[in-house]
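Each reported figure results from applying straightforward, stated rules to the coordinates on display, with no laboratory input. On a predicted model such as this, the values are computed, not experimentally measured, just so you know. Positions of Cβ are generated from backbone atoms using ideal geometry, with glycine treated the same way; all protein chains shown enter the neighbour counts.
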Amino acid sequence: MNKYAHRARVANFFGALGYFSILMQWMWAIIIIAYPMLTNPNIFQNHSTAPIARPMVALSLPPIVSLIIICVITLAMLVLTFAIVVTMPKTLSSNVAHVAQITTDAITPLVANTPKQSKKRKAFSARVMIGVKASLWIAPLLAVYFAPHNAPIPYDAVSATALFCAAATGVYFALQYAIAVIFKLPLLRLK
């Protein structure tokens, strides 16, 4: 294992937190912007005129069997919820990092005028990644601030939450790059 592996892992941990925070920013922005559509009572209304009557079938089980089935289903849901909560941040942050890397790989050839394997192009690619992270970080904040305010939540609370999420993202990415500078990691090792 080379000398950068552990240091890069520590730095990329904060990068993963930054990507997770970006995802939370985008979710907040989408919820605030899409709130009028989500609260429209006619959005999911079926336009049929007559309700369709369906016969109901009642299934009666002994109380102990029903209790066992309920306990098994509840336990399965708790285990599934725990598994999702444990694996979700890593999966989401790696997916957002992958999207940022794909974007960087697509932008770099358009802007850089160097051969694919040159040192200049790799260094430029690392700088483009910083720009992609910055744009993913700032865009949801601007979307919340410039979107029409239709939510029942006070505008101060909406903007404070958006600003808090953006500040958290900035701190996480700043820590990632600070660790890279302190440990003298190449920017290409950062995700």
- Item | Whole-Hz ³J(HN,Hα) from phi, Karplus 6.51 cos²θ - 1.76 cosθ + 1.60, for the range 67-82, glycine and proline x | 5, 5, 4, 4, 5, 5, 5, 5, 5, 4, 5, 5, 5, 5, 4, 4
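Please state the shape class of the range 118-190: rounded when a/c is under 1.5, otherwise prolate if a/b exceeds b/c and oblate if not, all from the C-alpha gyration tensor. Could you put the intermediate results ahead of the total?
Working: a/c = 6.66, a/b = 2.31, b/c = 2.89.
Oblate, since a/c reaches 1.5 and b/c is not below a/b.
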- Query: If we sort 101-107, 10-16, 29-35, 68-74 on the protection proxy, mean other Cβ atoms within 10 Å, highest first, what's the order?
  - Reply: 10-16, 29-35, 101-107, 68-74
- Note on the structure: Sequence order, the range 30-36: Karplus ³J(HN,Hα) from phi using 6.51 cos²θ - 1.76 cosθ + 1.60, θ = phi - 60°, Hz rounded, Gly and Pro as x, gives 5, 5, 5, 6, 8, 4, x
- Message: List the residues, sorted by chain then number, that are 5 or more residues from residue 149 or on another chain and whose placed amide H is less than 5 Å from its amide H.
- Response: none
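Which of rounded, prolate, oblate describes the range 149-191, given a ≥ b ≥ c as roots of the alpha-carbon gyration tensor eigenvalues and a/c under 1.5 marking rounded, otherwise prolate only if a/b is larger than b/c?
Values: a/c = 8.02, a/b = 3.95, b/c = 2.03.
Taking the square roots of the gyration eigenvalues as a ≥ b ≥ c, the range 149-191 is prolate.
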- Phi-derived 3J(HN,Hα) across the range 168-185 with the Karplus relation (6.51, -1.76, 1.60, θ = phi - 60°), rounded Hz, x for Gly and Pro, is 4, 4, x, 5, 4, 5, 5, 5, 4, 6, 5, 5, 4, 6, 5, 8, 6, 7
- Local net charge near residue 100, Cβ-Cβ under 11 Å (Lys/Arg +1, Asp/Glu -1): +1
